[in-house]
Amino acid sequence: MFRKGKKRHSSSSSQSSEISTKSKSVDSSLGGLSRSSTVASLDTDSTKSSGQSNSNLDTCAEFRVKYVGAIEKLKLNESKAMESPLDLINFIDVAQQDGKLPFVPGEEEFVMGVSKYGIKVTTLDQYDVLHRHALYLIVRMICYDDGLGAGKSLLALKTTDANCEEYNLWIYQCNSLEQAQAICKVLSTAFDSVLTSEKP
C-alpha cells in the first residue's frame, strides 16, 4: 500500500508570503444549506515572484493532516469545470454527495511536508510515503471550512501529469483554517523561491 521512503527529519519553516483570502458563500454538501467559508487559494498558473530571496526554503515545513480521498485521471474538459476556487469547492461537494469522496477522513494522521521540491505526505514516523506531489505539477491549492461545524478545514490540491493531459484532485483535512492557510502560504513561498532562483 505504501512505498518505502527514506526517513528524513526536517525543521519547520516560518516562511510566509501573501496569498489572496476571500470570503465566499458556498453551497453546503449537507442538505443544500449555505455556508460562509473563508477561502485561501493558490493558483500556480498565475503565481509571480515577489522578488524576495527565499534560499533557506531548502528546509521542509511540516504539518499534521488527515487524508480524505482523491479523484484521479480527470480529463481536460472536466478540469476546465474547476477553474475558479468556488468551482473546485462545488466539484468536491458534488463528489461527496455522489459518494465519490467521503465527508470525513480516516482516523490516521499523516505528516505533510512542504518544500521547494513540492509536497510529500508520509506516515507520522516519516518512513512510509503516501503521496508525492512535485512542485511543477501542482496547478492549484485551496483551503476552506468543511462546513461540518467542527472547525476543521479541507485542503484541496489539484495536480496534473507531465504532459498536462490528465488531472488529479487530492483532499486533506486540516485541524483548523489557520493551519490550512499556513500550508498554502508555505507553498506560495516555495513557488516564489523557485521563480526567484530562475531569474538571470
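Anything in the stretch 163-176 that is acidic (Asp, Glu) and open to solvent by less than 10 Å² (accessible area, probe 1.4 Å)? List them, or say none. Walk me through how you get there before you give the answer.
Step one: of the stretch 163-176, the residues acidic (Asp, Glu) are 165-166.
Residues satisfying the conditions do not exist here.
Could you say whether any residue in the stretch 33-54 is closer than 24 Å to residue 175 by Cα, modelled with pLDDT of 90 or more and open to solvent by 80 Å² or more (accessible area, probe 1.4 Å)?
Within the stretch 33-54, not a single residue is closer than 24 Å to residue 175 by Cα, modelled with pLDDT of 90 or more and open to solvent by 80 Å² or more (accessible area, probe 1.4 Å).
For the subset of the stretch 126-135 comprising residues that are over 14 Å from the mean Cα position of the chain (by Cα) and within 15 Å of residue 63 (Cα to Cα), which member is least open to solvent (accessible area, probe 1.4 Å)?
Among those residues, the one meeting the criterion is 129.
With respect to the numbered conditions (1) within 14 Å of the chain's Cα centre (by Cα); (2) at positive phi; (3) at pLDDT below 90, which one is the sole condition not fulfilled by residue 118?
Of everything listed in (1) within 14 Å of the chain's Cα centre (by Cα); (2) at positive phi; (3) at pLDDT below 90, residue 118 misses just condition (3).
Identify, by number, the condition in (1) open to solvent by less than 10 Å² (accessible area, probe 1.4 Å); (2) out of contact with any His (no Cβ under 9 Å at 6 or more places or on another chain); (3) at pLDDT 90 or above that residue 190 doesn't meet.
(3)
Report, ordered by the first and then the second residue, all pairs with beta carbons closer than 6 Å, sequence separation of six or more or different chains, a first member in the stretch 162-175 that is touching a residue at least 60 places away in the same chain (Cβ under 8 Å) and within 14 Å of residue 151 (Cα to Cα), and a second member that is open to solvent by less than 30 Å² (accessible area, probe 1.4 Å) and part of a loop (DSSP other than H, G, I, E, B).
Short answer, once both residue conditions are applied: 173/105.
Kindly list, by first and then second residue, each pair from a residue in the stretch 81-92 that is touching a residue at least 40 places away in the same chain (Cβ under 8 Å) to a residue that is part of a helix (DSSP H, G or I) and open to solvent by 20 Å² or more (accessible area, probe 1.4 Å), limited to pairs with Cβ atoms under 8 Å and residues at least 6 apart or on different chains.
82/91; 91/81
Considering each of 183, 142 in turn, give the residue that is out of contact with any Asp or Glu (no Cβ under 8 Å at 6 or more places or on another chain), in a helix (DSSP H, G or I) and crowded, with 23+ Cβ neighbours inside 10 Å.
Testing whether each residue is out of contact with any Asp or Glu (no Cβ under 8 Å at 6 or more places or on another chain), in a helix (DSSP H, G or I) and crowded, with 23+ Cβ neighbours inside 10 Å leaves just 183.
Taking into account only those residues within the stretch 116-125 that are open to solvent by less than 10 Å² (accessible area, probe 1.4 Å) and not aliphatic (A, V, I, L, M), which is farthest from residue 182 (Cα to Cα)? Before the answer, list the steps.
First pass over the stretch 116-125, keeping only residues open to solvent by less than 10 Å² (accessible area, probe 1.4 Å): 118-119, 121-122.
So of that shortlist, the ones also not aliphatic (A, V, I, L, M) come out as 118, 122.
Details: 118: 15, 122: 19 Å.
Out of the qualifying residues, it is 122.
Of the conditions (1) surrounded by 18 or more Cβ atoms within 10 Å (Cβ to Cβ); (2) at pLDDT below 90; (3) of a type in the set (Gly, Ala, Ser), residue 113 fails just one. Which one is it?
Against the list (1) surrounded by 18 or more Cβ atoms within 10 Å (Cβ to Cβ); (2) at pLDDT below 90; (3) of a type in the set (Gly, Ala, Ser), residue 113 comes up short only on (2).
Among what's in the stretch 145-162 and is hydrophobic (A, V, I, L, M, F, W, C) and modelled with pLDDT of 90 or more, pick the residue that is surrounded by the fewest Cβ atoms within 10 Å (Cβ to Cβ).
156
If I ask for residues that are under 13 Å from residue 74 (Cβ atoms) and open to solvent by 10 Å² or more (accessible area, probe 1.4 Å), which ones from the stretch 95-110 would you list?
100
Return a yes/no flag: does the stretch 122-132 have any residue that is assigned to a strand (DSSP E or B) and among the aromatic types (Phe, Trp, Tyr). So that I can check it myself, show each step before the final result.
Here is the first cut: in the stretch 122-132, the ones assigned to a strand (DSSP E or B) are 122-123, 128-132.
Of the ones still in play, those that are also among the aromatic types (Phe, Trp, Tyr) are none.
Checking the stretch 122-132: not a single residue is assigned to a strand (DSSP E or B) and among the aromatic types (Phe, Trp, Tyr).
Identify all residues within the stretch 122-152 that are hydrophobic (A, V, I, L, M, F, W, C), touching a Gly at 6+ places or on another chain (Cβ under 8 Å) and free of Cβ contacts under 8 Å to residues at least 40 places away in the same chain; write none if there are none.
Once the filter is applied, which keeps residues that are hydrophobic (A, V, I, L, M, F, W, C), touching a Gly at 6+ places or on another chain (Cβ under 8 Å) and free of Cβ contacts under 8 Å to residues at least 40 places away in the same chain, the stretch 122-152 yields 134, 137.
The values are calculated or read from the model by the stated rules, or taken from the named source; none is laboratory data. Source: prediction; values computed, not measured. Note that each Cβ is placed from the backbone with ideal geometry, even for glycine, and that neighbours are counted across all protein chains shown. The protein model used for the area step is the full one, side chains on, heavy atoms only, and it has no ligands, DNA or RNA in it. Shrake-Rupley method; radii C 1.70, N 1.55, O 1.52, S 1.80 Å.
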